[in-house]
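See structure below.
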Amino acid sequence: MKFYVDTSVWGGYFDKEFKEWTEPFIEQIREGKFQATISDITLDEVIKAPENVRNLVYSMPEDFLEFVTITEEQRSLAIKYIEEGALTQKFESDAQHIAIATVLKVDSLVSWNFKHMVNFFRIRQYNSINLKNGYAMIDIRTPKEVLI
């Protein structure tokens, strides 16, 4: 299994509301139970996060992490999400996370972002745009839902 892990998950490791499910999810990455993909967009956001969040990301074994850089194709798809009203320009980085995960065909994008990502109605919008533009549907879940 390959999961694209967005910034909210790394921060969730230290948040009492999300810790119960994020800690075992991160441990499963460390154990190699699945591959985690993170992007330059995630790293840009993590740089602005508290030190403990940065240290968590940078402490992960590289054998089970895939680092990717956003491509023009992914930027273009992110713009389509914005142009078609799934997200506003203010949340461009969320659109980019979704586009990266879509183009990479990961098994799921894992997030604690309920407003813009783990949201039934928005996922339908993203998938409508994906299908209209020749991409597969994206699955978006919380860490709780993908624990092995």
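Scanning segment 91-109 for residues that are open to solvent by 10 Å² or more (accessible area, probe 1.4 Å), part of a helix (DSSP H, G or I) and of a type outside the set (Ser, Thr, Tyr) turns up Phe91, Glu92, Asp94, Gln96, Val103, Leu104. Within segment 1-33, the only residue that satisfies the criterion of being touching a strand residue (DSSP E or B) at 6+ places or on another chain (Cβ under 9 Å), surrounded by fewer than 20 Cβ atoms within 10 Å (Cβ to Cβ) and either in a loop (DSSP other than H, G, I, E, B) or on the phi > 0 side of the Ramachandran plot (or both) is Met1. Only one entry in Ala136, Ala36 is among the hydrophobic types (A, V, I, L, M, F, W, C) and either under 13 Å from Asp6 (Cα atoms) or modelled with pLDDT under 95 (or both), namely Ala36. Residues being exposed (fewer than 13 other Cβ atoms within 10 Å of the Cβ), more than 20 Å from Gly12 (Cβ to Cβ), out of contact with any Lys or Arg (no Cβ under 7 Å at 6 or more places or on another chain) and without any contact (Cβ under 8 Å) to a residue 40 or more places away in the chain are represented in segment 42-63 by at least one member. If you go through segment 34-75 and keep only what is part of a helix (DSSP H, G or I) and within 13 Å of the chain's Cα centre (by Cα), you end up with Asp40, Ile41, Thr42, Leu43, Glu45, Val46. Taking segment 124-142 as the range and being in a helix (DSSP H, G or I) and either in contact (Cβ under 8 Å) with a residue 60 or more places away in the chain or open to solvent by 30 Å² or more (accessible area, probe 1.4 Å) (or both) as the test, the residues that pass are Arg124, Gln125, Ser128, Leu131, Lys132.
When segment 64-90 is filtered for residues that are open to solvent by less than 70 Å² (accessible area, probe 1.4 Å) and of a type in the set (Val, Ile, Thr), the ones remaining, listed by number, are Val68, Ile70, Thr71, Ile82.
The values are calculated or read from the model by the stated rules, or taken from the named source; none is laboratory data. Note that the structure is a prediction, hence the values are computed from the model and not measured. Every residue, glycine among them, receives a Cβ derived from its backbone with ideal geometry; neighbour counts consider all protein chains shown. Just so you know, the surface numbers come from the protein's heavy atoms only, side chains and all, with ligands and any DNA or RNA stripped out. Shrake-Rupley method; radii C 1.70, N 1.55, O 1.52, S 1.80 Å.
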